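Q: Shown below is the structure under consideration.
The values are calculated or read from the model by the stated rules, or taken from the named source; none is laboratory data. From a predicted model like this one, the values you see are computed outputs, not experimental measurements. Here Cβ is always computed from backbone atoms with ideal geometry, including for glycine, and neighbour counts include all displayed protein chains. Side chains included, ligands, DNA and RNA excluded: accessible areas come from the protein's heavy atoms. Shrake-Rupley method; radii C 1.70, N 1.55, O 1.52, S 1.80 Å.
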Amino acid sequence: MAILEGHGIVRRFGSRAVLQGLSLAVEAGERVALLGPSGCGKTTLLHLLGGLDRADEGEVRLDGEDLAAATPKRLAQLRREKVGTIFQFFHLIPTLTARENVELSLQLLRWKPEAIRGRVDELIRAVGIESRAEAWPSELSGGEMQRIAVARALAAKPLVLLADEPTGNLDRASGESVLALLKDLTDRENTALVMVTHSESAASLCHRTLRMLDGRIVEGSL
Amino acid sequence: MTGSLGRRLILRALWREKGRALLAMLSVALGVSVFLSIRLANRAAVASFEGFANGVGQGSDAVVRAEVGPLDEAALPRLDAIRDIAWVRPIIEGSFYRARSKEAFQILGTDLVGIGNSVDSAAPAQSGSAPDPSLQARFFESIQNSDAVMISGAFAKSDHLLPGAAIQGFVNERPVTLHVAGILLDAPGRPALQRNLLVMDLPAAQETLQRPGQLDRLELGVREGASPQQLDSGLRGMLPKNWVLEAPEQRASSGKTMTAAFRFNLTILSLIALAVGAYLLFQAFDASVNRRRETWATLHALGCEPARVLRFVMAEAALLGSLGSGLGIFLGWLLAQGSVRSISQTVAGLYGASSATHANLDPGEGLLAGAIGFLVCLLAAWIPARRAAHTPPVQLLARGGETKPTRWVLFTLTGLALTGAGATLAFLPTLPPGVAWHAYVASVLVLLGGSLASVGLMPLLGAPGTAARGWNARLALRPLRRPTGRHGFAAAALAVAVGMATGMGVMVQSFERTVQTWIGGNLRADLYLAPLGSVGAASQHRLPGALADELAADPAVLAADRFQMLPIHLRGQETLLGAGDFLVHAQYGHVAILGAEDAAPILLQMHRDGVAHVGAMASETFSRRFGVRVGDGMDIPTPDGLRHLSIRAIYADYGNERGSLIVDRPVFYQWFHDERCASVALYLKPGQDRALVAQRLGQRHAGLQVRSNADLREQVSFVFRQTFAITYALEIIGLAVALAGLVQALLGLAMARRGEIWTLRALGASEGEIAGVLLGEGLGVALAGTLGGLSIGLVLAQILVRVLNPQVFGWTLRFSLPWGFLALLLGLALFSATAALLPAARWAARLNADREAEEGA
């Protein structure tokens, strides 16, 4: 069953249609790579799938729920409970330590402190940054920051993880390490992954690859 | 200066950042406009002291007045010898109280026929046609009636008065009915006429005021072809003894002296908006330079010299400063029209001589305000411009530059050092009276230092964020632990505004409490009687001696203290000579003599010494103005020549800024042959019902106001509220500007943190939750600014109360903290901050996802 579906999605910015009637479906636990040149609409699509933006036409369904019909409050709840997001530039909150950044997702869900502690410990071990857990983001390397971002995105056990060029700002070794981590954790937690990337090797870790051009999917099965 | 590249860089940047440019321009405009409007309004109010000449007749070149008391009309023919060189306009002034509207009017008597050509009347002047000579003749005939009066167009319009209408009221305590003979129209190119001016022909005015043969002054104007020097030499040796010749400016400056404290108060306050505006401008330029750091880095990389980059930023500041100042001058003129009424009412209430209704745009004042606005703008841009010019490109391009923490420890320490230096400077020991430069410099140091030190409060307020468990508290408070420049400027600007408001609030409270205590201690009589409309020491109303005797002889009265006050010229300065019944005062009253517990022995001794060895009490202000102490002697001008007295005591007096010298009443009568009095204080016999006696006296003498001690206190409170009403308005403007800065800072911070906001949204935080975080951060800044401001204000108040007032005005005030006002100020600042920040926070929480998406599409 598709956990994430899009049908005939159109998104315009002014007179320019960035997405032009695009459709796709992502199964639970499936990893999908989105490839394409800059400006083809990959990031826009990711924002629409995560309920961070609304389509001008068409429909996006997350776990069967139509995002167009959801109120801003409901959208925020869906993002809290069912979506994890990873950014190219990590976007760690600079005033929170590494551990606190991971805690943030669970605090938003109002988990009990003991439960938060357990889950965060587990994730910090899983991403391998136990020794850096109390460090400030400014004290971390790019790879370490992205590991924290992965842990934060997966903390609430989302149904789908949206990753926007997660290795785009990392060196090769760190990038490979983060990709391996993503594969491992999404497998372990049966989380679907939609990953925007320019890297063929990153895409090779996914079950499917969709190629985009000018707001349309031009290659790959939907 | 900057070439086409500069024009492109500056103009396009301004166009792209229209909002910021507009805000910066408005910051300048607001500061300039408030400063200018207060100065223009104040100038207009004070200008009405300059009298009649500027209003209805030609301006005079010189004024002749008596050193003391009135001029004798009989001596006027002596001036016939100079009639070829100059015209002479005799003037008499008095007060008229209109009971119906409870308004005081100024009666001005002059030779109306003599200046007829300068006066337009609604009756004879028909618009669009030449004046009819027969109508004019009838008009000039009618104004010679003893009850004929000409009124201002404003008065006629507001009260629907036409020629022939009756105006009923009181002159001194006598009921008088005047009839409108004509309406004075505002003449183009001349200042507008005061609303409450009643112009009468000289004999009619003398009869109405019951001052036959008396004049207050002569205004002289040089005729065409003659020179002021000819007039000066022509008059030399011709003027009777005790007549003095002065330039009109001296009269104006005397009026200005009378309102010095009030003007000082307003000018200082009008600088708040400029001071706070300077912080906002600094903040705006800092943010602008920060946002365009890639531009500066690129220019450096392309080989652009640092000096040229500096010129780009400064040229932008100059452009914004010019536009803002221009706009500010226009707005200031507009604002002045509104504030002139309030200021004029206050000046009228305090000094009884002003009713200006509109303010003209004085080019000098406009230029001054514009120049200050322009310079403030350049100063505010200087440090950001230097940073753009001298920071290496690599540093400019480094990520996070916009949210780089400021050196708050350095700011705090520097601020504390400046505050300490200011406080030390203010309390320099024993500077001569009148010298107060050190207190002004100290006040600026305290304001500047305190506002810088306020930045250091933010890490303290943010400290709970370290251990906070909730994510909201963490995100709201932790940025305060390492405040950025934006945090710092917003807190500092608010601290300046709150600091000024606190300082003024404490000073006002101290002043009011001191005066209330002084009144409570000094005014022991049961009832105080004065002609209706009398206000303050400058009042021209007088009670006849016979009426005072009648009041003193009332069966309910134990004793009566008759008080008289007369303006005199001493050592080229105008001051007041008063008279009271020292014997009555010693037996029943009380006066606060500095350095003496009991005034009675001193008063009795002066009474016993009589005219043989005249002793006088000098007010604290008089002592400061004339540099006299107990034991010093002074020669006082009287109609019969100079008379000598010695200062026996210095007493506390908060009634006027000119200072006063008080002698025993028999001495005054002997010297001036005047048995009238300005007011009478009655001490009632035991068992008398004060209210009943007051009611009976009030009914018997409709032209008198009968007030109890409580009424007087209430009147003092009223005058205080009226006096400081406009100062509160200015404080609110200062706070509003600071709050605008706070909102600007919050939006800037939110823009710089939009990545975080975006992340929080992606993680599922609702807009309300994100807005809550931003609001919490903003309120933290507001709290730091407010607490810092309160602290600054308390130090500033010490300087104002303990140094400036005694040094400048000779008023020793008792320091008193207005707890209610301070709590209200704290509440108001935080409430207004919440109200201002909430919509900004909600807007920032919704920072446009489209833009992000578009950028990354």
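Q: Just give me the residues in the stretch A:137-174 being aliphatic (A, V, I, L, M), under 20 Å from the mean Cα position of the chain (by Cα) and either more than 21 Å from residue A:106 (Cα to Cα) or away from every other protein chain (no Cβ under 14 Å) (or both), in sequence order. Let's see the steps before the verdict.
A: Going residue by residue through the stretch A:137-174, those that are aliphatic (A, V, I, L, M) are A:140, A:145, A:148-151, A:153-156, A:159-163, A:170, A:173.
Remaining after also requiring under 20 Å from the mean Cα position of the chain (by Cα): A:145, A:148-151, A:153-156, A:159-163, A:170.
Within the stretch A:137-174, just A:170 meets the criteria.
Q: Follow-up question, since we're still on this one. Can you work out which of the residues in the stretch A:124-144 that are modelled with pLDDT of 90 or more and in contact with a helix residue (DSSP H, G or I) (Cβ under 7 Å, 6 or more places away or on another chain) is most open to solvent (accessible area, probe 1.4 Å)?
A: The residue in question is A:134.
Q: Within the stretch B:670-679, is there a residue that is closer than 25 Å to residue B:65 by Cβ, open to solvent by 10 Å² or more (accessible area, probe 1.4 Å) and aliphatic (A, V, I, L, M)?
A: yes
Q: Any idea which of B:818, B:839 is away from chain A (no Cβ under 13 Å) and within 25 Å of residue B:510 (Cα to Cα)?
A: Within the list B:818, B:839, the selection yields B:818.
Q: Which members of the stretch B:749-770 meet the condition of being surrounded by 21 or more Cβ atoms within 10 Å (Cβ to Cβ) and either more than 7 Å from every other protein chain (Cβ to nearest Cβ) or not in a helix (DSSP H, G or I) (or both)?
A: B:749, B:750, B:753, B:757, B:760, B:763, B:764, B:765, B:770
Q: Among the residues of the stretch B:471-493, what is the count of those that are more than 14 Å from chain A (Cβ to nearest Cβ), of a type outside the set (Phe, Trp, Tyr) and under 27 Å from residue B:760 (Cβ atoms)? Explain how you work it out, then say what you get.
A: Initial filter on the stretch B:471-493 (more than 14 Å from chain A (Cβ to nearest Cβ)): B:485-486, B:488-493.
Now narrow it down to the ones that are of a type outside the set (Phe, Trp, Tyr): B:485-486, B:488, B:490-493.
Checking which are under 27 Å from residue B:760 (Cβ atoms) leaves us with B:485-486, B:488, B:490-491.
Of the residues in the stretch B:471-493, 5 are more than 14 Å from chain A (Cβ to nearest Cβ), of a type outside the set (Phe, Trp, Tyr) and under 27 Å from residue B:760 (Cβ atoms).
Q: List every residue pair whose Cβ atoms sit under 7 Å apart, with the two residues 6 or more apart in sequence or on different chains, where the first one lies in the stretch A:58-86 and is without any contact (Cβ under 8 Å) to a residue 12 or more places away in the chain and the second, anywhere, is not small (Gly, Ala, Ser).
A: Going by the 7 Å Cβ cut-off, the qualifying pairs are A:66/A:59; A:72/B:767.
Q: Return the residues of the stretch B:608-649 that are polar (S, T, N, Q) and more than 20 Å from residue B:581 (Cα to Cα); say none if nothing qualifies.
A: If we filter the stretch B:608-649 for residues that are polar (S, T, N, Q), which is where we start, we get B:619, B:621, B:623, B:638, B:646.
Hits for the stretch B:608-649 are B:621, B:623.
Q: What's the total number of residues in the stretch A:1-34 that are among the aliphatic types (A, V, I, L, M), closer than 30 Å to residue A:187 by Cα and open to solvent by 10 Å² or more (accessible area, probe 1.4 Å)?
A: Matching residues across the stretch A:1-34 total 5.
Q: What residue, among those in the stretch B:483-531 that are of a type in the set (Phe, Trp, Tyr), out of contact with any strand residue (DSSP E or B) (no Cβ under 8 Å at 6 or more places or on another chain) and under 30 Å from residue B:682 (Cα atoms), is modelled with the highest pLDDT? Talk me through it step by step, then tell me what you get.
A: Keep residues of the stretch B:483-531 that are of a type in the set (Phe, Trp, Tyr), which gives B:489, B:511, B:518, B:528.
Now restrict to residues that are out of contact with any strand residue (DSSP E or B) (no Cβ under 8 Å at 6 or more places or on another chain): B:489, B:511, B:518.
Next, only the ones that are under 30 Å from residue B:682 (Cα atoms) stay: B:511, B:518.
Values: B:511: 81, B:518: 75.
Among those residues, the one meeting the criterion is B:511.
Q: Another one. Scan the stretch B:623-652 for residues that are within 21 Å of residue B:600 (Cα to Cα) and free of Cβ contacts under 8 Å to residues at least 60 places away in the same chain and jot them down. Don't jump to the end; show me each part of the working.
A: At the first step, the residues of the stretch B:623-652 found to be within 21 Å of residue B:600 (Cα to Cα) are B:623, B:629-632, B:645-652.
Correct list: B:629, B:630, B:631, B:632, B:645, B:646, B:647, B:648, B:649, B:650.
Q: Just a yes or no: is a residue in the stretch B:480-489 farther than 13 Å from residue B:408 by Cβ and in a helix (DSSP H, G or I)?
A: Going residue by residue through the stretch B:480-489, those that are farther than 13 Å from residue B:408 by Cβ are none.
No, there is no match, as no residue in the stretch B:480-489 is farther than 13 Å from residue B:408 by Cβ and in a helix (DSSP H, G or I).
Q: When residues of the stretch A:1-25 are filtered for being farther than 23 Å from residue A:161 by Cβ and either in a strand (DSSP E or B) or facing another protein chain (nearest Cβ under 10 Å) (or both), how many remain?
A: Start the filter on the stretch A:1-25 by keeping residues that are farther than 23 Å from residue A:161 by Cβ, which leaves A:8, A:10, A:12-17, A:20-21.
Narrowing further to those that are either in a strand (DSSP E or B) or facing another protein chain (nearest Cβ under 10 Å) (or both): A:8, A:10, A:12-14, A:16-17, A:20-21.
So the count comes out to 9.
Q: Looking at the stretch B:67-111 only, could you name the residues that are free of Cβ contacts under 8 Å to residues at least 12 places away in the same chain and in a strand (DSSP E or B)? Write out each step before concluding.
A: Just the residues of the stretch B:67-111 that are free of Cβ contacts under 8 Å to residues at least 12 places away in the same chain, to begin with: B:77, B:80, B:83, B:102.
Result: no residue meets the conditions.
Q: Yes or no: residue A:134 within 13 Å of another protein chain (Cβ to nearest Cβ) and without any contact (Cβ under 8 Å) to a residue 12 or more places away in the chain?
A: The answer is no for residue A:134.
Q: Cβ-Cβ below 6 Å, separation at least six or inter-chain, first residue in the stretch B:817-839 and at negative phi, second open to solvent by 60 Å² or more (accessible area, probe 1.4 Å): which pairs?
A: none
Q: Output the number of residues of the stretch A:47-59 satisfying the condition of being open to solvent by less than 10 Å² (accessible area, probe 1.4 Å) and at pLDDT 90 or above.
A: Of the residues in the stretch A:47-59, 2 are open to solvent by less than 10 Å² (accessible area, probe 1.4 Å) and at pLDDT 90 or above.
Q: Only one of (1) outside any loop (DSSP other than H, G, I, E, B); (2) closer than 29 Å to residue A:23 by Cα; (3) touching a Lys or Arg at 6+ places or on another chain (Cβ under 9 Å) is not met by residue A:179, so which one is it?
A: It is condition (3) that residue A:179 fails.
Q: What single numbered condition from (1) among the hydrophobic types (A, V, I, L, M, F, W, C); (2) within 27 Å of residue B:703 (Cβ to Cβ); (3) open to solvent by less than 10 Å² (accessible area, probe 1.4 Å) fails to hold for residue B:181?
A: (3)
Q: While we're looking at this one, here's another question. Select from the stretch A:14-43 the residues that are β-branched (Val, Ile, Thr) and at pLDDT 90 or above and write down the one among them that is nearest to residue A:58 (Cα to Cα).
A: Step one: filter the stretch A:14-43 for residues β-branched (Val, Ile, Thr), giving A:18, A:26, A:32, A:43.
Still in the list and also at pLDDT 90 or above: A:18, A:26, A:32.
Values: A:18: 14, A:26: 17, A:32: 21 Å.
Per the stated criteria, the residue is A:18.
Q: For the stretch A:84-114, which positions are of a type in the set (A, V, I, L, M), out of contact with any strand residue (DSSP E or B) (no Cβ under 6 Å at 6 or more places or on another chain) and more than 7 Å from chain B (Cβ to nearest Cβ)? Quick ask: steps written out before the conclusion?
A: Our first condition is that a residue be of a type in the set (A, V, I, L, M); within the stretch A:84-114, this holds for A:86, A:92-93, A:96, A:98, A:102, A:104, A:106, A:108-109.
If we keep only those that are out of contact with any strand residue (DSSP E or B) (no Cβ under 6 Å at 6 or more places or on another chain) too, we end up with A:92-93, A:96, A:98, A:102, A:104, A:106, A:108-109.
Listed by number, the residues that qualify are A:92, A:98, A:102, A:106, A:109.
Every residue, every condition in (1) surrounded by fewer than 21 Cβ atoms within 10 Å (Cβ to Cβ); (2) of a type in the set (Gly, Ala, Ser), yes or no:
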site: B:618; (1), (2): no, yes
site: B:624; (1), (2): no, no
site: B:629; (1), (2): yes, no
site: B:635; (1), (2): yes, no
site: B:638; (1), (2): yes, no
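Q: Now a separate question. Give me a count of the residues in the stretch A:41-76 that are in contact with a His (Cβ under 7 Å, 6 or more places away or on another chain) and either small (Gly, Ala, Ser) or more than 9 Å from chain B (Cβ to nearest Cβ) (or both). Quick ask: steps written out before the conclusion?
A: Initial filter on the stretch A:41-76 (in contact with a His (Cβ under 7 Å, 6 or more places away or on another chain)): A:53, A:58-59.
If we keep only those that are either small (Gly, Ala, Ser) or more than 9 Å from chain B (Cβ to nearest Cβ) (or both) as well, we get A:58-59.
Selection size over the stretch A:41-76: 2.
Q: Sort out which residues of the stretch B:150-167 are within 13 Å of residue B:199 (Cβ to Cβ) and in a helix (DSSP H, G or I), and write them in order of number.
A: B:153, B:155, B:156
Q: Another question, if that's okay. Sort through B:7, B:100 and tell me the only one that's open to solvent by 50 Å² or more (accessible area, probe 1.4 Å) and modelled with pLDDT under 80. Show your work before the answer.
A: Details: B:100 fails: modelled with pLDDT under 80.
None of the other options fit; the residue is B:7.
Q: Continuing with this model, one more query. Among the listed residues B:561, B:581, which satisfies the condition of being in contact (Cβ under 8 Å) with a residue 12 or more places away in the chain, of a type outside the set (A, V, I, L, M), closer than 27 Å to residue B:594 by Cβ and open to solvent by less than 20 Å² (accessible area, probe 1.4 Å)? Steps first, answer last, please.
A: Details: B:581 fails: open to solvent by less than 20 Å² (accessible area, probe 1.4 Å).
None of the others qualify; the one that does is B:561.
Q: Kindly state which strands (runs of 3 or more DSSP E) lie completely within the stretch B:531-631 and contain at least 3 residues that are closer than 19 Å to residue B:811 by Cβ. Full working, then the answer.
A: On the way: elements: B:557-570, B:573-580, B:615-619.
Of the strands (runs of 3 or more DSSP E) lying wholly inside the stretch B:531-631, those with at least 3 residues that are closer than 19 Å to residue B:811 by Cβ span B:573-580, B:615-619.
Q: Would you mention how many residues in the stretch B:196-228 are touching a helix residue (DSSP H, G or I) at 6+ places or on another chain (Cβ under 6 Å) and in a helix (DSSP H, G or I)?
A: Result for the stretch B:196-228: 0.
Q: Name the residues in the stretch B:490-533 that are more than 21 Å from the chain's Cα centre (by Cα) and among the hydroxyl-bearing types (Ser, Thr, Tyr), would you?
A: Selection gives B:517, B:528.
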